[in-house]
């Protein structure tokens, strides 16, 4: 009887350990999926914003942003560039740099 109880406790212990490991792996997978989804969402927003800006606004061909970004001019003659999350970042004309030919 003692052996039977010992075996039963051993089996219960193993099942609890494997359950904890499965939950840990599920949590890591969930975090990776969430990170990937955010990257995809940001890239989609960036591409959509740049596409809309190219169609509805004017591209400033002779100047670039502080880090070489494409500059757009809106209907109110304001300059802006699109960041990696698809947001418009307005910039003053004095902050624009000349575009260099490569």
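The values are calculated or read from the model by the stated rules, or taken from the named source; none is laboratory data. Please read these numbers as outputs of a predicted model, since none were measured by experiment. Cβ placement follows ideal geometry from the backbone for every residue including glycine, while neighbour counts extend to all protein chains displayed.
Determine whether residue 43 is part of a helix (DSSP H, G or I) and either on the phi < 0 side of the Ramachandran plot or modelled with pLDDT under 90 (or both). Judged against the criteria, residue 43 is a match. Which one is surrounded by the most Cβ atoms within 10 Å (Cβ to Cβ), of the residues in the stretch 78-94 that are assigned to a loop (DSSP other than H, G, I, E, B) and out of contact with any helix residue (DSSP H, G or I) (no Cβ under 9 Å at 6 or more places or on another chain)? So, considering only residues that are assigned to a loop (DSSP other than H, G, I, E, B) and out of contact with any helix residue (DSSP H, G or I) (no Cβ under 9 Å at 6 or more places or on another chain), the one surrounded by the most Cβ atoms within 10 Å (Cβ to Cβ) is 78.
Working only within the stretch 42-67, note down all residues that are surrounded by 11 or more Cβ atoms within 10 Å (Cβ to Cβ) and either within 17 Å of residue 94 (Cβ to Cβ) or in contact with a helix residue (DSSP H, G or I) (Cβ under 6 Å, 6 or more places away or on another chain) (or both). Passing the criteria: 60, 63, 64, 65, 66.
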